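Written out below as structure tokens is the structure these notes cover.
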Amino acid sequence: NVEAARKSLSEAAVRFAGSGADRILSVVLDLTTGSGWSAGGTLLGIVLLLYFSSSLFNRLRAAFDVVWEVRPKGVGRTLMDRLVSFGETVLAVAALLLVLAWGVLRSMVWPYLERAGAAGETAWMAWTWLGTLLMTSLVLAAAFRWMPDVRPRPRPGAALMGAMPTALALNLANHAIG
């Protein structure tokens, strides 16, 4: 059912991005379904998304390289970095789809937790906070492990040990600021 899917997406958008996100999502979905663009326009949009998103990963890698004092690279290595950035972008899109699936699961579980009263609400808050902490920690650990071009790479445990306090600080700041 299309309407049920739109409702679930809207609920997930509100839970993850806050109030108003459902209206933005609705407008985007209306524009997408109402457009007369062909597959060529969609393909062009995907290519542009990959290019500009990969630029983000390229700049992030360059920032890590400055921190780790990595020597400048040649043209061949720079081109290879751009290709790797495309792969990272595809991986990030896959991760985004997993986060959206997680949001849909949460919207399906919430009615059951709501029936449990205060205990359900506490479980919901704990699930939200711990899930956010875990996802942030994993993303940061992956970035610390694979983004810098330093050799030898930091061990997974070391990357995770750097990511955990950073993720905790980011989550606490998010709760303090709102």
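Structure above, values below:
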{"item": "Selection from segment 81-108 of residues that are among the β-branched types (Val, Ile, Thr) and open to solvent by 40 Å² or more (accessible area, probe 1.4 Å)", "result": "Val84, Val90, Val93, Val99, Val104"}
{"item": "Matching residues in segment 115-140 - criterion: being surrounded by fewer than 13 Cβ atoms within 10 Å (Cβ to Cβ) and polar (S, T, N, Q)", "result": "Thr122"}
{"item": "Close pairs from segment 152-173: first of a type in the set (Val, Ile, Thr), partner open to solvent by 80 Å² or more (accessible area, probe 1.4 Å), Cβ under 6 Å, at least 6 apart", "result": "none"}
{"item": "Answer from Val66, Val70, Val47 - the residue that is under 24 Å from Pro154 (Cβ atoms), surrounded by fewer than 15 Cβ atoms within 10 Å (Cβ to Cβ) and of a type in the set (Val, Ile, Thr)", "result": "Val66"}
{"item": "Checklist (1) under 21 Å from Thr89 (Cα atoms); (2) out of contact with any Lys or Arg (no Cβ under 9 Å at 6 or more places or on another chain) applied to Arg145, failing item", "result": "(2)"}
{"item": "Some residue of segment 153-175 being more than 30 Å from Lys7 (Cβ to Cβ), of a type in the set (Lys, Arg) and not in a helix (DSSP H, G or I)", "result": "yes"}
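The values are calculated or read from the model by the stated rules, or taken from the named source; none is laboratory data. The shown structure was predicted, so the numbers you read here are calculated from the model rather than taken from an experiment. With ideal geometry, Cβ positions are generated from the backbone for all residues, glycine too; neighbour counts draw on all protein chains shown. For accessibility, only protein heavy atoms count, side chains too; no ligands or nucleic acids. Shrake-Rupley method; radii C 1.70, N 1.55, O 1.52, S 1.80 Å.
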